[in-house]
Amino acid sequence: MIRRRAPLVITAALFVGTYLLWHQLTASGTVHEVVLPTPGSVGESITEVVQRDTFAEHLRVTATEVLTGFALGSISAILLALVCERSRSVRRLITPYVVALQALPKVVLLPLLYVWFGVGYRATTVMVVLVVFFPVYLNTLTGLSIADPDGTRLLRSLGATPRQRFRYHQVPSALPLIFTGLKTAVYFAVAAALAAELLGARYGLGFLIANAGNFLRIPDLYATVLIAGVFSGLVYLTFEVLDRKLIYWRPRDDRR
Amino acid sequence: MADPRSAAAAAADEGAVALVGRELGKTFTDRSGSELVALSAVDFEVRRGELVTLVGPSGCGKSTLLNLVGGLLDRSGGTLAFEGSEIDRPRPEIGMMFQAPVLFPWRTALDNTLLPIDIRRQKRALHKARALDLLELVGLSSFADNYPNELSGGMQQRVALARLLLQDPELLLLDEPFGALDEFTREDMNLMLLDIWASTRKTAMLVTHNIQEAIFLADRVFVMSPRPGRLVEIISVDLPRPRTIAMMRAPEFQDMVFEVRKILGAL
């Protein structure tokens, strides 16, 4: 308990300290308000942005893009990994393309996606699919290969069929890694959606940030960045909680 | 599940030959094509209800022999039959236990014990009471709902034993089952194993590299030597049962230990 509490105290102290420093720097005029607005004006701006009629719609658009892209990307990645795990020839065929896709920084594809799908949620969703795919594919493929040989030997001695070995051993052995992939992917998904919205969209949290920046509404800029941060944090937290519930056997030291 | 009639018949027929190996051989070929003779021309019989131990240094083929009997490996030559039928694949009436407990970390002790039931696609509910009884038998009644990472090495191996007993095979194949445990825990486990074996009268083959352990547990000790793996001597142990730790101090016990050492050392 004590070891757990100590960092919490430090974290809280740092937070308060940062706030006080921020307040002091801006209130005294040391830093100009265009560069860094006061905590109070950012706070007011957050309330104002959240209370706008359109805010719910912006939030909904970003959430939908992230979730749709994440679902499509991770499901296709898991399915393809399952196929590649079974068939060495399919894996050989596909690997160069997967590697090429991964090596390319996906953000540079955005202009092309805008041309293909138009500026808006479709292009953003495709972007999310692209960034989600690789971490899930690779972790699933690795996960499916780590079932320990002793377990296989035991199941064989019990007369288990290959399907039973898959279900009772290979899949549960892979789940911790698959979930690690999903957690990485969801973090990428939020980042990719926000980036795509920043560069071209009429809706979404990224658009709100870009808009505040374009009109040089500095408190709004800080406010929308903070809101996007909270959104991203909540999504990640959800997956962290899911991970602890579903992968309850994950070794303690792997846990972060 | 063992049919009660066949179990009764087995009890009546105790002493009849259950397992026969003739000219049994196993050669492994690696990728480069070079061959390793793991087991060569092994002849043996195991009687029903008998406890046989296999002892020898690393590489003597004792685990290979056990894997052949378990149907996990294909033999390269000779014949091998259990209760009159050839062993060419794993069989439900032959159960195995390994040096590692091999428990699935996502299953509780109870669920791990019930694994054979899942594999046979039987209803868990019908076997849960028996699984709990077996966990109690191995001294884990209050740990049924614990996950393996919450159990010590010895306790994990007890779960593995309960799982083997739930499978209820006629022939138990034990591959250094307590080899990874400390000496005190291992002694406890050996005594528990003997208790269970005495009350169930199952046929058992146990692999060990510990000569004292091999003699202490066995009706007969199969002494094996490496390169190539061969069965060089069979020693009958006439110590009375139930065995006690004190028997290990008896002169005849020490004589047998010396004899096995001599066989292994002279080769």
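Compute the signed sum of charges (Lys and Arg +1, Asp and Glu -1) over the other residues within less than 14 Å, Cβ to Cβ, of A:Val34. Don't jump to the answer; show the numbers that get you there.
Numbers: positive: A:Arg217; negative: A:Glu33, A:Asp220.
Once positives and negatives cancel, what remains is -1.
Report the full-extension gain for the segment A:Val16 to A:Thr161: residue separation times 0.36 nm, less the Cα-Cα distance, to one decimal in nm.
46.2 nm
Between the stretch B:193-267 and the stretch A:128-154, what is the separation of their alpha carbon centroids in Å?
That distance is 45 Å.
Too long at a 30 Å Cα-Cα cut-off: which of B:Lys62/B:Lys128; B:Lys26/B:Lys202; B:Lys26/B:Lys123; B:Lys62/B:Lys202; B:Lys62/B:Lys262; A:Lys245/B:Lys128? Write down the numbers at each step before the final one.
Working: B:Lys62/B:Lys128 35 Å; B:Lys26/B:Lys202 27 Å; B:Lys26/B:Lys123 39 Å; B:Lys62/B:Lys202 20 Å; B:Lys62/B:Lys262 19 Å; A:Lys245/B:Lys128 25 Å.
Checking Cα-Cα distances, B:Lys62/B:Lys128; B:Lys26/B:Lys123 exceed 30 Å.
Scan chain A and note any complete DSSP helix (H) whose C-alpha atoms cover at least 27 Å along its axis and whose Kyte-Doolittle average is -1.0 or more.
The qualifying helices are A:2-27, A:55-86, A:121-143, A:171-199, A:218-246.
Which residues' amide hydrogens lie under 5 Å from the amide hydrogen of B:Leu206, considering only partners 5 or more residues apart or on another chain, with H built in the peptide plane?
Correct list: B:Val52, B:Thr53, B:Leu54, B:Leu174.
To the nearest 20 Debye, how big is the dipole of chain A about its Cα centre, given +1 on the beta carbon of each Lys and Arg and -1 on that of each Asp and Glu?
1440 debye
Once amide H atoms are placed 1.01 Å from N in the peptide plane, what residues at a sequence separation of 5 or more from B:Ser76, or on another chain, have their amide H within under 5 Å of its amide H?
Hits under the 5 Å cutoff: B:Gly25, B:Lys26, B:Thr27.
How many angstrom lie between the Cα centre of the stretch B:154-186 and the Cα centre of the stretch A:41-56?
Between the Cα centre of the stretch B:154-186 and that of the stretch A:41-56, the gap is 65 Å.
What is the spin-label model distance, in nm, from B:Ala16 to A:Arg92 if the labels are put 7 Å beyond Cα along the C-beta direction?
5.4 nm
Suppose only helical runs count, i.e. DSSP H with n ≥ 4. What mean residue ellipticity at 222 nm does that imply for chain A under -39500 (n - 2.57) per run, divided by all residues and rounded to the nearest 500 deg cm²/dmol?
The per-residue figure over chain A is -26500 deg cm²/dmol.
For the stretch B:50-57, take each phi angle, set θ = phi - 60°, evaluate the Karplus expression 6.51 cos²θ - 1.76 cosθ + 1.60, and give the result in whole Hz per residue in order, putting x for glycine and proline.
Rounded to whole hertz, the list is 8, 10, 10, 10, 10, 10, x, x.
With N set to the number of residues, divide the alpha-carbon radius of gyration of chain A by 2.2 N^0.38 Å and report two decimals.
Numbers: Rg = 22.8 Å, N = 256, 2.2 N^0.38 = 18.1 Å.
Ratio of Cα Rg to 2.2 N^0.38 Å: 1.26.
Can you tell me the order of A:19-28, A:187-196 when each peptide is scored by its average per-residue count of other Cβ atoms within 10 angstrom, highest first?
Peptide ranking by packing, descending: A:187-196, A:19-28.
Laboratory data are not the source of any read-out in this text; all were calculated from the coordinates shown. Since the model is a prediction, treat every value here as computed from it, not as a measurement. Ideal geometry is used to build each Cβ from the backbone, glycine not excepted, and the neighbour counts take in all protein chains shown.
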